[in-house]
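Structure first, then comments.
The values are calculated or read from the model by the stated rules, or taken from the named source; none is laboratory data. Just so it is clear, the structure is predicted and the values come from calculations on it, not from any experiment. Glycine also receives a Cβ, built like all others from the backbone with ideal geometry; neighbour counts cover every protein chain displayed.
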């Protein structure tokens, strides 16, 4: 599955390069024909530049396959990436000239080809530079890694750790090992990885630390009640892999939530239990749509955001934005942005108002909260416009447009095990709870079940439906 996802990304990357090359060719054509000053202005009717563009697309696509343009950027310097791109374009241009000679295509403007050559290198270099530094920022924000907990500390576990370390471009990072023997706790396994605890503390560890996957790298027959530990991971929402030898006959546990897949993990065959959607193509589309939608929305709404900011300053002293630490994917901490709808000392007054809380569970809600800023605060909360700054969180890759709302860390500490699974996907601006007709009257448990239902039934069409329904809710002012 990892290999399939990587192939998909490479195909998309290569297609983008060909699209940019096509853009460069068309731009060069119009620059030469319409925008250059005399005597360089204009183009002859012959040859047929449509045919030439088709030849360019074919040659560039085939040539790009022969160069190291699509391997991981993680261990490479951008200068090397740019030089490799320039070499690929130069080679493709030589093939184009050779092809024109063989096919006897004459009268092609050399100036136009020169403009095309420079534009192509510039556009490809710019796109790869943006991708390079964007991925670098994600790594610095700890968003481009999947944290792996290895169960076991002997030879098989060492093989797993070495494989991950040798292929850092895969995006996995081992955060520790667990074993069955208490005497092994604290010992070095390999490459600086330590035994962080015994397996009977796996649920506590997964609750307190960011764990994306757990790999069982020891014989299952050596683990008493292995089904209980698998059930813990499944309900919390952590993906599980079982490395060979699999000892499947010793596994009496049958997953109630997870789907079972046999996958290649960095060259190692594994049995994987996934509790979240394994639709990599659709998830990639979701991520791209999130970024583009958030970027365009922020650009369009800038004047409106400025008006809201001015209104907040007019009706209340204090900052425009309310910034608070929340929990994201698998418990990752990040700072969420909202328009401030309450008085500046609202958090300090929360403790003295805890007896007025109308919500069950760890959530704090009051129907007519006296801390809300008059007029503008009420309006923003009813329409949901206070959430608009979270488009910034979407651009940073911390949130999605659709997904369970990001909870506060102290709320997560009070979650039951099954409720923790709502953290197994990126949080979002809106979800099923937000579009429920009687959402303000739902219990905390009903809210959590709606989030779990979203994870179980996720699809691109469901996201689109939720987005459209959310717009209706905002227009009707059903928030609180």
Self-check item: Flag if residue 272 is part of a helix (DSSP H, G or I), in contact with a strand residue (DSSP E or B) (Cβ under 9 Å, 6 or more places away or on another chain) and surrounded by 20 or more Cβ atoms within 10 Å (Cβ to Cβ)
Solution: no
Exercise. Can you give me the number of residues within region 80-95 that are over 21 Å from residue 132 (Cβ atoms) and modelled with pLDDT under 90?
Key: 0
Quiz prompt | Search result, residues across region 214-225 that are outside any helix (DSSP H, G or I) and surrounded by fewer than 21 Cβ atoms within 10 Å (Cβ to Cβ) | solution = 219, 224, 225
Quiz prompt | The one condition in (1) loosely packed, with under 14 Cβ neighbours inside 10 Å; (2) over 27 Å from the mean Cα position of the chain (by Cα); (3) closer than 21 Å to residue 341 by Cβ that residue 471 fails to fulfil | solution = (2)
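So how many residues does region 387-410 have that are free of Cβ contacts under 8 Å to residues at least 60 places away in the same chain and over 14 Å from the mean Cα position of the chain (by Cα)? Show your work before the answer.
The initial filter retains those residues of region 387-410 that are free of Cβ contacts under 8 Å to residues at least 60 places away in the same chain, namely 387, 390, 393, 403-405, 410.
Within this subset, residues satisfying the condition of being over 14 Å from the mean Cα position of the chain (by Cα) are 387, 390, 404-405, 410.
So the answer is 5.
Which one of these is assigned by TED's automatic domain parsing to the domain that holds residue 427, modelled with pLDDT of 85 or more and more than 24 Å from the chain's Cα centre (by Cα): 313, 286?
Details: 286 fails: more than 24 Å from the chain's Cα centre (by Cα).
So the residue among 313, 286 that is assigned by TED's automatic domain parsing to the domain that holds residue 427, modelled with pLDDT of 85 or more and more than 24 Å from the chain's Cα centre (by Cα) is 313.
Do we have residue 439 as at pLDDT below 85 and closer than 27 Å to residue 341 by Cα here?
yes
When residues of region 418-430 are filtered for being in a loop (DSSP other than H, G, I, E, B) and in contact with a strand residue (DSSP E or B) (Cβ under 6 Å, 6 or more places away or on another chain), how many remain? Walk me through how you get there before you give the answer.
Let us first name the residues in region 418-430 that are in a loop (DSSP other than H, G, I, E, B), namely 425-427.
Checking which are in contact with a strand residue (DSSP E or B) (Cβ under 6 Å, 6 or more places away or on another chain) leaves us with 426.
Summing the residues that are in a loop (DSSP other than H, G, I, E, B) and in contact with a strand residue (DSSP E or B) (Cβ under 6 Å, 6 or more places away or on another chain) in region 418-430 gives 1.
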Exercise. Name the one entry in 181, 159, 200 that is closer than 22 Å to residue 269 by Cα and surrounded by fewer than 22 Cβ atoms within 10 Å (Cβ to Cβ).
Key: 159
Quiz item: If we keep just the residues of region 352-398 that are touching a strand residue (DSSP E or B) at 6+ places or on another chain (Cβ under 6 Å) and part of a loop (DSSP other than H, G, I, E, B), which is modelled with the lowest pLDDT?
Solution: 371
